[in-house]
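The values are calculated or read from the model by the stated rules, or taken from the named source; none is laboratory data. Here the structure is a predicted model, which is why all the values come from computation and not from measurement. A quick note on method: Cβ atoms are made from the backbone with ideal geometry, for glycine too, and the neighbour counts reach across all protein chains shown. With ligands, DNA and RNA removed, areas are computed over all heavy atoms of the protein, side chains included. Shrake-Rupley method; radii C 1.70, N 1.55, O 1.52, S 1.80 Å.
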Amino acid sequence: NVAEPILESKTITQVAIVVKDIDKARNAWAQLLGVKAPDVSIAESHSSRPTLYRGKPSDAKAKLAFIAMDNLQIELIQPLGGKSTWQEFLDAHGEGIHHIAFQVKGIDGVENRFELQGNPTIQRGGWDGGAYSYVDASKDLGCMLELLENFR
């Protein structure tokens with residue numbers, strides 16, 4: 001008897017790595033793959049879905065760089081201060097894989113289904129046209145998941 005899935009997709013869209021030095025990391029990935037080093041952007045709280053970390057407003061910021069692979073996207077994240085799951089991970093584990101991500105529809109409902117399974121949302125936020133949630137699924141799955149929803 002198969003339970004109804006929490007996620008509708010079986011496609012991992014992204015693997016994210018927390019790093020201390022995004023320039024060093026993006027150049028190393030570019031050299032490995034023989035591509036141009038990706039641009040860097042800044043992630044910060046957005047009025048459409050302000051950043052919450054462990055249920056409280058956060059002024060967390062991070063540098064981000066995205067590398068398009070044939071089958072998924074690699075995201076590099078360098079924390080820039082403020083309380084965040086990125087900085088928490090870096091402090092506890094050093095550099096390494098932070099999460100795997102899935103595209104979802106109805107992000108709040110998916111978040112709630114994880115919560116009911118005992119997998120809490122650690123951080124959530126958004127950008128112009130989208131939303132993200134980091135779900136700590138380590139007790140069941142051994143890792144952090146990111147839920148991504150694009151509204152456009």
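Restricting the search to the range 68-116, which residues are assigned to a strand (DSSP E or B) and within 20 Å of Leu33 (Cα to Cα)?
Within the range 68-116, Ala68, Gln73, Ile74, Glu75, Leu76, Ile77, Gly96, Ile97 meet the criteria.
Cβ contacts < 6 Å: first residue under 20 Å from Arg124 (Cα atoms), restricted to the range 89-101; second residue modelled with pLDDT of 95 or more and part of a helix (DSSP H, G or I), any location; separation 6+ or different chain. Result?
His98/Phe89
Could you check the range 68-87 and list, in sequence order, the residues that are hydrophobic (A, V, I, L, M, F, W, C) and more than 17 Å from Ala101 (Cα to Cα)?
Hit for the range 68-87 is Leu80, nothing else.
Report, by residue number, each residue of the range 87-101 that is open to solvent by 20 Å² or more (accessible area, probe 1.4 Å) and either at pLDDT below 95 or within 25 Å of Ser47 (Cβ to Cβ) (or both).
Gln87, Glu88
Just one of the numbered conditions (1) among the polar types (S, T, N, Q); (2) surrounded by fewer than 20 Cβ atoms within 10 Å (Cβ to Cβ); (3) within 16 Å of Val18 (Cα to Cα) is not true of Ser84; which one?
(2)
Condition (residue is of a type in the set (Asp, Glu), within 21 Å of Ala101 (Cα to Cα) and not in a strand (DSSP E or B)) applied to the range 49-67: is it met by at least one residue?
no
Here is a yes/no grid of residues against (1) under 19 Å from Val15 (Cβ atoms); (2) touching a Ser or Thr at 6+ places or on another chain (Cβ under 7 Å):
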position	(1), (2)
Asp59	no, yes
Gln73	yes, yes
Gln78	yes, no
Glu95	yes, no
Asn112	no, no
Gln117	no, no
Thr121	no, yes
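Which members of the range 122-152 meet the condition of being in contact (Cβ under 8 Å) with a residue 60 or more places away in the chain and either assigned to a strand (DSSP E or B) or buried (at least 20 other Cβ atoms within 10 Å of the Cβ) (or both)?
Scanning the range 122-152 gives Ile122, Gln123, Arg124, Gly125, Gly126, Trp127, Ala131, Glu146, Leu148.
Residue-wise test of (1) within 20 Å of the chain's Cα centre (by Cα); (2) more than 21 Å from Gln78 (Cα to Cα); (3) touching a residue at least 24 places away in the same chain (Cβ under 8 Å); (4) open to solvent by less than 80 Å² (accessible area, probe 1.4 Å).
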site: Ile6; (1), (2), (3), (4): yes, yes, yes, yes
site: Val18; (1), (2), (3), (4): yes, no, yes, yes
site: Arg26; (1), (2), (3), (4): yes, no, yes, yes
site: Val35; (1), (2), (3), (4): no, no, yes, yes
site: Ser41; (1), (2), (3), (4): yes, no, yes, yes
site: Thr51; (1), (2), (3), (4): yes, no, yes, yes
